[in-house]
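Quick note: the coordinates plus some simple rules give every number you see, no bench work behind them. What you are looking at is a predicted structure, and each value in this text was computed from that prediction instead of being measured. A quick note on method: Cβ atoms are made from the backbone with ideal geometry, for glycine too, and the neighbour counts reach across all protein chains shown.
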Ligand SMILES: [Zn+2]
C-alpha cells in the first residue's frame, strides 16, 4: 500500500478502536461481574495502537459530522474540548439521581444506577453533584477563582499583583483543575453529595463514605483523590466525594499520559504556569495508584 493508504487504514482502525472492549485488567480482577462490562473478549485482530498514530492526523481525516457527533479518543476529548450533549457515548442523568440534569458516559451511568440502588437498600442515598464538565465549564470555575470572584479555601484570592503567577495557580490547584486537565472532562468521574470535607468526617457523611469504601469497587468506582502521602505524593487535596468509573477511566488516564503535555494547556489566565508547575504529571496523573 502507498503511505497515504496505510495512514487512512490506520486512522479508520483507530476511529473504531473502542476502549469499552478492553476493560482494565485491574478492574476485571477486583470486580466480579458488573453488568456494564462487555461479555465478549477483545477483537483478536491486531488493532493499531493509539500511541502509534498522530491524533491531529485523525482529526484531519474525520468528516466534520463524525467529529461533532461521536469524537474518538483524541486530544480534544481528553482536554474537554467538545460538547457532551452532541456525543453519542454520553447520556443524560437527572434528579433524583443527580442534583440537576447533567451528562455522563453511558457505561458509568449504568454502573452508578446499580450502585445507587444497592446503597438505597442499605439506607444510603447518593446524589450526583457533578459529572461531565467540558473545557468551557472548567474555565468558568478556574477564571472565577483566578479573578477573585469565587473563594479559594473560604476567601477570595488577593489582587493579582500580590499573588501572581505560579503561587496563584497553586492556591487554586489545591481543589480545582486547570481547564484541559480535569478528569471531569471525560464523563467517567463524578462528585457525590457534598464537596465539603467536613461533611464526610462524621455522622451521615461518614456513614456514606464507609459504604463507598466497602462497596464502590463492586460497581467499578475508585476514590481518585486519596490522602496525600507516600502513596500519592502530588495533586489535589483528598476528595471523599470524587470517584472514577475505572473500566473506562483507567484507559483514558493512560492515553492522557501519552498524548497530553504541559505545553498543550492554554486558553485561560494562568495557563502559562502549567509547564513550570508540571500540571499533567503532578495533578492530572497525581491520582490514587489504585485508580490507575
Ligand atoms: Zn470532582
Failed criterion for residue 200 (all others in (1) more than 16 Å from the ligand (Cβ to nearest atom); (2) over 23 Å from residue 79 (Cα atoms); (3) touching a helix residue (DSSP H, G or I) at 6+ places or on another chain (Cβ under 9 Å) hold) | (1)
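In this structure, does residue 174 turn out to be surrounded by fewer than 20 Cβ atoms within 10 Å (Cβ to Cβ) and within 16 Å of the ligand (Cβ to nearest atom)?
In short, yes.
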Only one of (1) over 25 Å from residue 146 (Cβ atoms); (2) within 12 Å of the ligand (Cβ to nearest atom); (3) outside any loop (DSSP other than H, G, I, E, B) fails for residue 205. Which number is that?
-> (2)
Looking only at residues in region 212-242 that are in contact with a helix residue (DSSP H, G or I) (Cβ under 6 Å, 6 or more places away or on another chain) and within 16 Å of the ligand (Cβ to nearest atom), which one is farthest from residue 284 (Cα to Cα)?
-> 240
Check on residue 274, assigned to a helix (DSSP H, G or I), more than 16 Å from the ligand (Cβ to nearest atom) and under 22 Å from residue 152 (Cβ atoms) = yes
Of all residues making up region 92-150, the number that are part of a helix (DSSP H, G or I), in contact with a helix residue (DSSP H, G or I) (Cβ under 7 Å, 6 or more places away or on another chain) and over 24 Å from residue 250 (Cβ atoms) = 3
Looking only at region 185-210, count how many residues are buried (at least 22 other Cβ atoms within 10 Å of the Cβ) and closer than 21 Å to residue 249 by Cα.
-> 7
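So, in region 151-179, how many residues would count as being under 22 Å from the mean Cα position of the chain (by Cα) and in a helix (DSSP H, G or I)? Give the steps one after another, and end with the answer.
Within region 151-179, the first condition is being under 22 Å from the mean Cα position of the chain (by Cα), and the residues that meet it are 152, 169-179.
When the remaining residues are screened for being in a helix (DSSP H, G or I), the result is 169-172.
Matching residues across region 151-179 total 4.
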Say whether the condition of being touching a strand residue (DSSP E or B) at 6+ places or on another chain (Cβ under 7 Å) and closer than 19 Å to residue 239 by Cα is met by at least one residue in region 150-169.
-> no
For residue 253, the lone unmet condition from (1) in a helix (DSSP H, G or I); (2) under 16 Å from residue 119 (Cα atoms); (3) within 16 Å of the ligand (Cβ to nearest atom) is (2)
What tally of residues in region 180-194 results from selecting those that are farther than 19 Å from residue 93 by Cα and within 14 Å of the ligand (Cβ to nearest atom)?
-> 2
